[in-house]
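One structure is given below, encoded as structure tokens.
All of the numbers you see were taken from the coordinates with simple rules; none came from a lab. Keep in mind it's a predicted model, so treat the numbers as computed, not measured. When we count neighbours, we look across all protein chains shown, and the Cβ atoms used for this are built from the backbone with ideal geometry, even at glycine.
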Amino acid sequence: MTKKPLLLIVGPTASGKSTFAIKLARALNAEIVSADSRYLYRELEIGVAKPTASELELAKHHLINVTSLKEPWNLGLYKQSAAQIIREVHQRDRLPILAGGTGQYVRSILQNWQIPSHGPVDTLREDLETIGNSIGFDQLYEMLSAIDPEAAAKIDYRNHRRTIRALEVILSTGKKFSDLRDKEKSPYSTLTIGLELPREVLYARIDQRIEGMVRQGLVGEVQNLLDTGFGPTLETMRVIGYNEIIAHLKGEISLDEAIALIKRNTRAFVRRQANWFKPSDPDIYWLNAQDPGLLEKALDLVEHNFGITPVV
């Protein structure tokens, strides 16, 4: 059976993936499936550089503003939902474009990871959080390393939420978390286009974006989330931009210090993204995001790989 096409747009934060995906979608009459873990949440806007309402109207988007911070998604639920949407897009005889910078989300689709989609076991999760607060989350991470070193190697030891999630799955299923993420052959015919920029240009873009977020009202957005009771959730999720502003609002650091910290943490995140989207990856067609002929080159790749020509 002929595999259905799937176009993927990847690259570091601030490389222009969302805008580029919209241009491609309009040229190809395609639909965009977000692969950004932060775009799922209705409450997160300014601090995650979510596409604006007017941008969302330019092309059909999926998996943006689909849940609340009160009901956080796990990787398995994302993968299940994205796969279903991609099937529906194919049924409409349109091309799905998976676009985003969350490496796990992209890989879960690209490599067809077999992972549990069930939600957290509330009491078990609460017990693990209590244990972490008591003995230290470093100890929980060491526990995970002993039980499932392969899973631990792929989790930042500072990411308490993912450490708890992995232990939660292990204890509730009796299986290693890494085993539950075994890969199967991709059900799609894929083309992956990566957007690249010189590091100094990318960092300048990141700085400009963060300064723009502050001008647009990031501090007020975070204050509103705190007033609504989302502070603990944001701190657990460790979303860059929000935790630094929370520290400022608590009086722990100045606004200038918070902004500098957001810039630093975003740059560190970009370096981690490079582990998922490597310049040496032969399956990624890297294109210069500043190239005036970027769109035309991408459309040529789509036509060559999928036989799909622009509609306009």
HN-Hα couplings for the range 62-76 via Karplus (6.51, -1.76, 1.60; θ = phi - 60°), in whole Hz with x for Gly/Pro, come out as 10, 6, 10, 6, 9, 8, 10, 4, 5, 10, x, 8, 9, 4, x
Rounded to one decimal in Å, the inverse mean reciprocal Cα-Cα distance for the range 177-291, i.e. its Kirkwood radius, is 16.9 Å
Semi-axes (Å, rounded, descending) of the ellipsoid equivalent to the chain per its C-alpha gyration tensor are 32, 25, 18
extent check for the range 137-236: Cα max minus min per principal axis, descending, whole Å, gives 49, 42, 25
For E88 and S172, extending 7 Å from Cα along the Cα-Cβ vector and measuring point to point gives, in nm, a value of 2.4 nm
Per-residue ellipticity at 222 nm attributable to helices in the chain (runs of n ≥ 4 DSSP H, -39500 (n - 2.57) apiece, nearest 500 deg cm²/dmol) works out to -16500 deg cm²/dmol
Log entry: pair-distance distribution for the range 122-179, C-alpha pairs binned every 10 Å from zero, whole % per bin is 27, 61, 13
Counting sequence-distant residues (5 or more places) and residues on other chains, those with an amide H built under 5 Å from that of K4 are S189
As straight-line cross-link partners of K250, the qualifying lysines (C-alpha separation under 23 Å, not fewer than 8 residues apart within one chain) are K70, K263
Counting only DSSP beta bridges fully inside the chain, the antiparallel percentage to nearest 5 is 10 percent
Note, the range 23-36: 3J(HN,Hα) by Karplus (6.51, -1.76, 1.60, θ = phi - 60°), whole Hz, Gly/Pro = x, goes 4, 5, 4, 5, 6, 10, 6, 9, 10, 9, 10, 5, 10, 10
Length gained, Q208-A153, 0.36 nm per residue minus C-alpha separation, equals 16.5 nm
Among I155, S145, N133, the residue whose Cα sits farthest towards the positive end of the charge dipole of the range 122-179, when +1 is placed on the Cβ of each Lys and Arg and -1 on the Cβ of each Asp and Glu, is I155
